[in-house]
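A.B. asks: If you scroll down you'll find the structure; I have some questions about it.
Bear in mind these aren't lab numbers, they're just calculated from the coordinates by the rules spelled out. Keep in mind that this is a model prediction, so the values were computed, not measured. A quick note on method: Cβ atoms are made from the backbone with ideal geometry, for glycine too, and the neighbour counts reach across all protein chains shown.
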Number of protein chains: 2
Amino acid sequence: MSTINTHSFSHDPRNLRVLAFDVFGTVVDWFDSVRTEVNRRMDVDAAAFASDWRAGYAPAIAAVTRGDLDWTLIDDLHRMILDDLLSQYGVTMTEPDRYSLNRIWHFLDPWPDSAAGLRALRPAYTLCTLSNGNLGLLTDLVRHSDLAFDCLLSAEIFRKYKPDPETYFGVARTFDVSPSQVMLVAAHHNDLAAARECGLMTAYIERPEEFGPHAIKDVSPKPDNDFHARDLLHLAEQLTHFRR
Amino acid sequence: MSTINTHSFSHDPRNLRVLAFDVFGTVVDWFDSVRTEVNRRMDVDAAAFASDWRAGYAPAIAAVTRGDLDWTLIDDLHRMILDDLLSQYGVTMTEPDRYSLNRIWHFLDPWPDSAAGLRALRPAYTLCTLSNGNLGLLTDLVRHSDLAFDCLLSAEIFRKYKPDPETYFGVARTFDVSPSQVMLVAAHHNDLAAARECGLMTAYIERPEEFGPHAIKDVSPKPDNDFHARDLLHLAEQLTHFRR
């Protein structure tokens, strides 16, 4: 029922069925949420602490993917990185406080357009996450901001982290559609490139302040993406031209 | 982070965090939806056909659990049962028509109280499914009836079918809570009994017409369940007394 042929359709937006969303940075603003919470709890450079916390993420994921670390959920990776950072910054903190600070990743605020953008897209497309965040974390995020996803898909389900092809193919298999009927929506070109390799369509979302207002990201378009949008409402507007 | 101790809390509804819902029969009315669709397409006793289709489900699940059948999604089990039934009833049907008839399980209508009941429960509890239905099927069901689940959990994720303990423990692990902070909501005493064995709280929902108006089910209360409700709105009403 779910044999995957990455070339069974060309990339035609009229055939799109499923939009799969990256979450950290694309739907929610991790930098400002984490910075604010760190600032509330500790006397450190909160912006630097937030950036350092996030910077530990990619190497941790890579360690799991290489097999240097057993399969570990993001909640636990975030906590390992936090413990290291607290040592580095010379901060002492109780176990319950560490647990509760680590939970800030469950309650990141959305970008201003995220909830409305998802509501605008939902009538025409099945909306799912495709996030390295674990299901418990994603569930808290959608409850926190009333994000209208139909289904939460996570690396936790596929037991592979993005950009492993199994995650992108996994979306198509879950919904019994061709990869070309799925579009990854993300603010990161490496994620989009890996999805494209698996036959998915791709939409780039500009999030110039993902790393904070003092580290503006280059968000210029790349021609390989099928869509380029300022935000989710702008993506919804562009897609209305292709609805059948 | 997620060590499970089934006896770490007593059953106190004030500690409840997560409501996990059985879907077929509890949230959606499979009998009438399937009967109506069969009636629309074939000249057979549609009520008998619907009942027979559903009756093939438990043995198919049991065959997977015993290992007589490799891991198989419900979509494919429903299709195997359908193919057998079409032979038995002497009905010829094309492949595309079989595929499309099998999809009726993705578009089952809800009971009249289901959507409103979930909306009433959602502010106070994390709401998830715990269904043997696959994620693609559950996603179509929630879109079809605007069912306000926060997260879809399925046997597909745990690769075990209910009543395997891993499915009930899996809910608690996913949300990093104790089993006693999870309540299974179901219209089936065997499902509830298996959940209770794993330390979950249980709520029985009366669905006297699950098997149709001519096969009224005994829905009398069993004392082992923590709650007994006429429908989801009645459950929401009972739970308001325990909100913190």
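A.B. asks: Between helix B:30-41 and chain B, what is the angle of the helix's C-alpha long axis to the longest principal axis, kept within 0 to 90° and rounded to the nearest 10?
C.D. replies: 20 degrees
A.B. asks: So what's the net charge close to B:V182: Lys and Arg +1, Asp and Glu -1, counting the other residues with Cβ under 15 Å from its Cβ?
C.D. replies: Working: positive: B:R14, B:R17, B:K162, B:R173, B:R196; negative: B:D12, B:D22, B:D150, B:E166, B:D176, B:D191, B:E197, B:D226.
Around B:V182, the charge tally is -3.
A.B. asks: Right, next: If we hang a label 7 Å off Cα along the beta carbon direction at A:D70, how far is it from the matching labels on the other copies, in nm, shortest first?
C.D. replies: Reported distances to equivalent positions: 2.8 nm.
A.B. asks: While we're here: In nm, what does the list of distances from A:R17 to its counterparts in the other copies look like, shortest first, when each label sits 7 Å along Cα to Cβ?
C.D. replies: The answer, with the shortest distance listed first, is 3.6 nm.
A.B. asks: Starting from a label point 7 Å past Cα on the Cβ side, list the distances from B:A193 to the same position in the other copies, nm, shortest first.
C.D. replies: Copy-to-copy label distances for B:A193: 5.8 nm.
A.B. asks: Return the sequence-ordered ³J(HN,Hα) values of the range A:49-59 in whole Hz as given by the Karplus equation 6.51 cos²θ - 1.76 cosθ + 1.60 applied to θ = phi - 60°, using x for Gly and Pro.
C.D. replies: Along the range A:49-59, the couplings run 4, 4, 4, 5, 4, 5, 5, x, 5, 4, x Hz.
A.B. asks: In whole angstrom, how long is each semi-axis of the equivalent ellipsoid of the range A:30-106, when you take the square root of 5 times every eigenvalue of its Cα gyration tensor and sort them from largest down?
C.D. replies: Working: eigenvalues 92, 33, 26 Å².
Each semi-axis is √(5λ); the values are 21, 13, 11 Å.
A.B. asks: Another one. With the contact rule set at Cα under 8 Å and sequence spacing of 6 or more, what percent relative contact order holds for chain B?
C.D. replies: Worked out over chain B, it gives 27 percent.
A.B. asks: State, as an integer percentage, the relative contact order of the range A:123-244 based on alpha-carbon contacts under 8 Å between residues 6 or more apart.
C.D. replies: Computed over the range A:123-244, the figure is 16 percent.
A.B. asks: Turning to a different aspect of this structure: Under a point-charge model restricted to the Cβ atoms of Lys and Arg (+1) and Asp and Glu (-1), what is the dipole moment magnitude of the protein assembly as shown relative to its Cα centre, in debye to the nearest 20?
C.D. replies: For the protein assembly as shown, the charge dipole is close to 360 debye.
A.B. asks: So if I place +1 on the C-beta of Lys and Arg and -1 on the C-beta of Asp and Glu, and nothing else carries charge, what would the dipole magnitude of chain B be about its Cα centre? I want it in debye, nearest 20.
C.D. replies: Around 760 debye, computed over chain B.
A.B. asks: Give the share of C-alpha pairs in each 10 angstrom bin for the range B:148-214, from 0 to the last occupied bin, in whole percents, shortest bins first.
C.D. replies: For the range B:148-214, the binned pair fractions read 21, 50, 24, 6, 0 percent.
A.B. asks: Relative contact order (percent) for the range B:30-106, with alpha-carbon contacts under 8 angstrom and 6 or more residues of separation? Display every interim value, and only then the final one.
C.D. replies: Details: 50 pairs, mean separation 25.6, N = 77.
It rounds to 33 percent for the range B:30-106.
A.B. asks: What residues qualify as long-range amide H neighbours of A:D109, i.e. H under 5 Å apart, gap of 5 or more or another chain, H built at 1.01 Å from N?
C.D. replies: Here A:D29, A:S33 satisfy the definition.
A.B. asks: Around B:I205, with a cut-off of 12 angstrom between Cβ atoms, what is the net charge of the other residues, counting Lys and Arg +1 and Asp and Glu -1? If you can, show how the numbers build up before the last one.
C.D. replies: On the way: positive: B:R207, B:K217, B:R230; negative: B:D22, B:D113, B:D191, B:E206, B:E210, B:D231.
Residues close to B:I205 contribute a combined charge of -3.
A.B. asks: If you take the square roots of the eigenvalues of the alpha-carbon gyration tensor of the protein assembly as shown and sort them as a ≥ b ≥ c, do you get rounded (a/c under 1.5), prolate (a/b over b/c) or oblate?
C.D. replies: Oblate.
A.B. asks: Shape of the range A:15-71 from its Cα gyration tensor (a ≥ b ≥ c, root eigenvalues): rounded if a/c is under 1.5, otherwise prolate when a/b > b/c, or oblate?
C.D. replies: Here the range A:15-71 falls in the oblate category.
A.B. asks: Next question. Give me the inter-chain shielding for B:129-138: mean count of other chain Cβ atoms within 10 Å, whole number please.
C.D. replies: 3
A.B. asks: Would you be so kind as to identify which of B:V23, B:A215, B:V38 lies farthest towards the positive end of the dipole of chain B, taking Lys and Arg as +1 and Asp and Glu as -1 on Cβ and the Cα centre as origin?
C.D. replies: B:V23
A.B. asks: Please list 3J(HN,Hα) in residue order for the range A:217-227, calculated via the Karplus relation 6.51 cos²θ - 1.76 cosθ + 1.60 where θ = phi - 60°; whole Hz, with x for glycine and proline.
C.D. replies: These are the phi-based 3J(HN,Hα) values: 8, 5, 10, 5, x, 10, x, 6, 7, 6, 9 Hz.
A.B. asks: I'd like the antiparallel share, as a percent to the nearest 5, of DSSP beta bridges with both residues in chain B.
C.D. replies: 5 percent
A.B. asks: Within a Cβ distance under 14 Å of B:F49, other residues only, what is the Lys/Arg minus Asp/Glu net charge?
C.D. replies: -2
A.B. asks: For the rotation bringing A onto B, which A residue has its Cβ nearest the axis, and at how many Å?
C.D. replies: Closest to the axis: A:I157, 3.
A.B. asks: What does the helix-only formula give at 222 nm for chain B: each DSSP H stretch with n ≥ 4 adding -39500 (n - 2.57), the total divided by the residues, and the result rounded to the nearest 500 deg cm²/dmol? Each step should come with its number before you reach the end.
C.D. replies: Details: 11 runs with 105 residues, N = 244.
Mean residue ellipticity at 222 nm (helix-derived): -12500 deg cm²/dmol.
A.B. asks: Follow-up. Please work out the C-alpha center-to-center distance from the range A:210-231 to the range A:73-143 and express it in whole Å.
C.D. replies: Answer, in whole Å: 21.
A.B. asks: Classify chain B: rounded, prolate or oblate, from the alpha-carbon gyration tensor (a ≥ b ≥ c, eigenvalue square roots; a/c under 1.5 rounded; otherwise prolate if a/b is larger than b/c)?
C.D. replies: Because a/c hits 1.5 or more and a/b exceeds b/c, chain B counts as prolate.
A.B. asks: For the protein assembly as shown, give me the percentage of DSSP beta bridges that are antiparallel, rounded to the nearest 5 percent.
C.D. replies: The antiparallel proportion sits near 5 percent.
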